[in-house]
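Quick notes on the structure that follows.
Please treat every number below as a calculation from the coordinates, not as lab data. Given the structure is predicted, the values throughout are model-derived calculations rather than measurements. Methodologically, a virtual Cβ is constructed for each residue, glycine included, from the backbone with ideal geometry; neighbour enumeration extends over all protein chains shown.
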């Protein structure tokens, strides 16, 4: 009798283990199906298309296909009144890529153009003004208010895209130091991958009591400007000595 009960208990335990095994296998299969396919990048902060540049060479665009699947890009650039000024058609691998649309005598204002595009032939065409594809620049200047004449201080400039919350790389940063209407110096640099640029300012040898440091940042057709008042103190010092009591 005890032997029969023992066999029944063992059989019940084995049956329970088999049921658990089947359930775990099914759950694993569903989990694998849910996460199938390559995850190339997060699109939480990256738009599908972004304006990289708007200059004499044309319009530079960055595409980031959300599906990550190969396809065929069809893009056309229009002026506001509807005239087509540039276009491109090409295959892509599904990974982020960049293109340049040559435009004859382009306007420097991104709001003068709109883009019509699609990344797959089965997709509907999307349309957007270049103004909304440009970054929203946020510029932070790390500098002092007072400097010594004849010195060469370093000024750090941090550039971020406020709309996406990411650093802006390869932005052009220009610093111009003026005294009233006279330009005292002009220096230019580009931001690195962290959105940081360092400018070395060779200051004049004489003091300037009311100089203005103008910082201009350009990236992706967007422009940001900051003006800061600074004082350049003379390095000349007077030493007075006497053998008489004072």
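Worth pointing out:
- Only one of 60, 68, 82 that is part of a loop (DSSP other than H, G, I, E, B) and either in contact with a strand residue (DSSP E or B) (Cβ under 9 Å, 6 or more places away or on another chain) or under 17 Å from residue 129 (Cα atoms) (or both): 82
- If you go through segment 85-105 and pick out every residue that is surrounded by 10 or more Cβ atoms within 10 Å (Cβ to Cβ) and out of contact with any strand residue (DSSP E or B) (no Cβ under 6 Å at 6 or more places or on another chain), you end up with 4.
- Hey, residue 194 in a strand (DSSP E or B) and touching a strand residue (DSSP E or B) at 6+ places or on another chain (Cβ under 8 Å) or not: no
- Qualifying residue in segment 131-149 (condition: touching a strand residue (DSSP E or B) at 6+ places or on another chain (Cβ under 7 Å), within 30 Å of residue 184 (Cβ to Cβ), in a strand (DSSP E or B) and free of Cβ contacts under 8 Å to residues at least 24 places away in the same chain): yes
- If the condition is being more than 20 Å from residue 53 (Cβ to Cβ), touching a residue at least 24 places away in the same chain (Cβ under 8 Å) and outside any strand (DSSP E or B), then segment 87-122 contributes 94, 95, 119, 120, 121.
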